[in-house]
Amino acid sequence: MKSAGRVAVVGAGIVGAAIARALTSDGFRVTVIDSRPIGSGATAAGMGHIPVMDDSEAQFALCRYSQSLWDELADRLPASVEFDRCGTLWVATDDEEMAEVHRKKQFYDERGLEARVLDSKQVAEAEPNLRAGLAGGLVIPRDQVIYPPCAAQFLLDEAVAGGAEVKIGTPVQAIDGRSVTLATGKKIEADAVVNAAGWQAVALTPGLVVRPRKGHLVITDRYPGYLHHQVLELGYLKSAHGSDHDSVAFNVQPRRTGQLLVGSSRQFDVSDPKVDNHILKRMIDRAVEYMPGIAVLSAIRVWTGFRAATPDSLPVIGPHPEIDGLFLATGHEGLGITTSLGTAALISAHLTGQDAAIDPTPYLPSRLMGGVAVHHHE
Ligand SMILES: Cc1cc2nc3c(=O)[nH]c(=O)nc-3n(C[C@H](O)[C@H](O)[C@H](O)COP(=O)(O)OP(=O)(O)OC[C@H]3O[C@@H](n4cnc5c(N)ncnc54)[C@H](O)[C@@H]3O)c2cc1C
């Protein structure tokens, strides 16, 4: 597509904001449309952990590429984004989980990503508030943390500085590859349309296999120095990608403010955003098992949000297989803050016809549409 073309991006979450920024810098005339304030969907609910995950080659490639893009941006991010390269500490409770630590270490070593195995004593030194007697852990030192809504605002501000137009308070009723129909009936014509509407993308693009997956988070009062890394149990992966059942996992994050962000839970087939006290209790109990002192910290806020989950745990990025001009950028589940920048670079490559830095194939919408869900290859 010619770079002077008009592109309408539906969704001003972190994914839509990153896409608007990338396309504006490619020379497109971009309009971003959202029914709600910037970054108030999953982007306001997310944890803002930017890890390089390893549960498939395609997920690793997109996370790693995206993290390198965050690294490039780091010096220019405003203080409000609270960028912190605090690293991730995966903790193991027993020998079986230590075997997983060594498997992960080998995976990262083979791909040239720094990872350090810690023994029981080193884990206790790294995070003195963890319970005694953990078997060990794995530190990924270059993993990062940001504050997602301010990051989305920053990306969108850069897009606006490059000429993008933003329409907030504007619900979209329908889209195709050439136009966006607003709830008011007004039409916005474009040469291409990007559906970056998060878990609600399905309402605008029927046939897309994306399900909402509810999550809870708790934030504490300020306890500077209490926690140094984003710390997760190794069981997190089972919780994130395992079964359809409700699950909780120990996942705690240090904020620049000294606050602790405590997660996380996963629930399918729940559309009610209200806090579920049963799940919340399970989540806190799990956190206390690993970090007993959490039990006496003050929590100041609890909230929920919805991740956009796909059957193969990979996002949906690229052209709609049947509708010319329509592009999809959703299905990021629990990694959309991380992979927003890589997603934007892939959408940019699709629209400009230039080569992408990573293979775009595993994320193409065609694998999940047209009636058959084709799983990616490891
Ligand atoms: C509890 C929890 C913890 C998480 N932790 C992390 C983490 O640590 N790291 C990480 O990388 N990711 C994390 N995530 C995932 C991350 O938050 C999401 O993947 C990411 O925010 C998705 O961004 P988005 O822009 O696609 O969606 P959203 O932020 O949901 O944005 C979509 C936008 O589209 C708009 N929209 C939808 N439909 C319409 C319509 N019809 N008309 C107009 N506008 C519309 C919405 O108003 C919304 O603003 C977490 C998510 C949750 C819920």
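Could you please let me know if G13 is modelled with pLDDT under 95 and surrounded by 15 or more Cβ atoms within 10 Å (Cβ to Cβ)? When the stated conditions are applied, G13 does not pass them.
I'm checking my understanding of the structure. Among residues of region 53-66 that are within 10 Å of the ligand (Cβ to nearest atom) and assigned to a helix (DSSP H, G or I), which one is farthest from I14 (Cα to Cα)? First the steps, then the outcome.
Filtering region 53-66 down to residues within 10 Å of the ligand (Cβ to nearest atom) leaves 53, 63, 66.
Still in the running and assigned to a helix (DSSP H, G or I): 63, 66.
Numbers: C63: 15, S66: 13 Å.
Per the criteria, the residue is C63.
Could you say whether any residue in region 176-188 is more than 11 Å from the ligand (Cβ to nearest atom), hydrophobic (A, V, I, L, M, F, W, C) and over 26 Å from M47 (Cα atoms)? Yes, because at least one residue in region 176-188 is more than 11 Å from the ligand (Cβ to nearest atom), hydrophobic (A, V, I, L, M, F, W, C) and over 26 Å from M47 (Cα atoms).
Step by step: first the residues of region 207-243, then only those that are within 13 Å of the ligand (Cβ to nearest atom) and not in a strand (DSSP E or B), then the one that is modelled with the lowest pLDDT. Which residue is that? The residue in question is S239. Considering only residues that are closer than 25 Å to I337 by Cα and acidic (D, E), which ones fall in region 277-319? D312 - this is the single residue of region 277-319 that is closer than 25 Å to I337 by Cα and acidic (D, E).
Please pick out the residue among L113, L89 that is in the same structural domain as Q253 (by TED's automatic domain parsing), within 16 Å of the ligand (Cβ to nearest atom), in contact (Cβ under 8 Å) with a residue 24 or more places away in the chain and outside any helix (DSSP H, G or I).
Numbers: L113 fails: within 16 Å of the ligand (Cβ to nearest atom).
Matching residue, one of L113, L89: L89.
When I358, I317 are checked against the criterion of being more than 10 Å from the ligand (Cβ to nearest atom), modelled with pLDDT of 95 or more and in a strand (DSSP E or B), I317 stands alone in meeting it.
Any chance you could count how many residues in region 200-239 are under 22 Å from H49 (Cβ atoms) and aliphatic (A, V, I, L, M)? The total comes to 9.
Residue count for region 1-23 under the criterion of being closer than 22 Å to H216 by Cα and away from the ligand (no atom under 15 Å from the Cβ): the result is 0.
Taking region 192-206 only, how many residues are among the polar types (S, T, N, Q), surrounded by fewer than 24 Cβ atoms within 10 Å (Cβ to Cβ) and either near the ligand (Cβ under 6 Å from one of its atoms) or assigned to a strand (DSSP E or B) (or both)? Talk me through it step by step, then tell me what you get.
Residues of region 192-206 that are among the polar types (S, T, N, Q), as a first pass: 195, 200, 205.
Keeping just the survivors that are surrounded by fewer than 24 Cβ atoms within 10 Å (Cβ to Cβ) gives 200, 205.
Among the residues that remain, those that are also either near the ligand (Cβ under 6 Å from one of its atoms) or assigned to a strand (DSSP E or B) (or both) are: 200.
Summing the residues that are among the polar types (S, T, N, Q), surrounded by fewer than 24 Cβ atoms within 10 Å (Cβ to Cβ) and either near the ligand (Cβ under 6 Å from one of its atoms) or assigned to a strand (DSSP E or B) (or both) in region 192-206 gives 1.
If you go through region 159-191 and keep only what is at positive phi and under 25 Å from the mean Cα position of the chain (by Cα), you end up with just G169.
Which residues, counting only those in region 24-52, are more than 9 Å from the ligand (Cβ to nearest atom), part of a loop (DSSP other than H, G, I, E, B) and crowded, with 18+ Cβ neighbours inside 10 Å? Steps first, please.
If we filter region 24-52 for residues that are more than 9 Å from the ligand (Cβ to nearest atom), which is where we start, we get 24-32, 52.
From the residues that got through so far, the ones that are part of a loop (DSSP other than H, G, I, E, B) too are 26-28, 52.
Matches in region 24-52: D26, F28, V52.
Filter region 128-156 down to residues that are more than 16 Å from the ligand (Cβ to nearest atom) and either on the phi > 0 side of the Ramachandran plot or not in a loop (DSSP other than H, G, I, E, B) (or both) and give me whichever is surrounded by the fewest Cβ atoms within 10 Å (Cβ to Cβ).
G133
Hey, does region 98-120 have a residue that's under 17 Å from the mean Cα position of the chain (by Cα) and among the hydroxyl-bearing types (S, T, Y)? Steps first, answer last, please.
Applying the first criterion (under 17 Å from the mean Cα position of the chain (by Cα)) to region 98-120 yields none.
Checked region 98-120: no residue is under 17 Å from the mean Cα position of the chain (by Cα) and among the hydroxyl-bearing types (S, T, Y).
The values are calculated or read from the model by the stated rules, or taken from the named source; none is laboratory data. Note that the structure is predicted; figures quoted are calculated from it, not measured. Note that each Cβ is placed from the backbone with ideal geometry, even for glycine, and that neighbours are counted across all protein chains shown.
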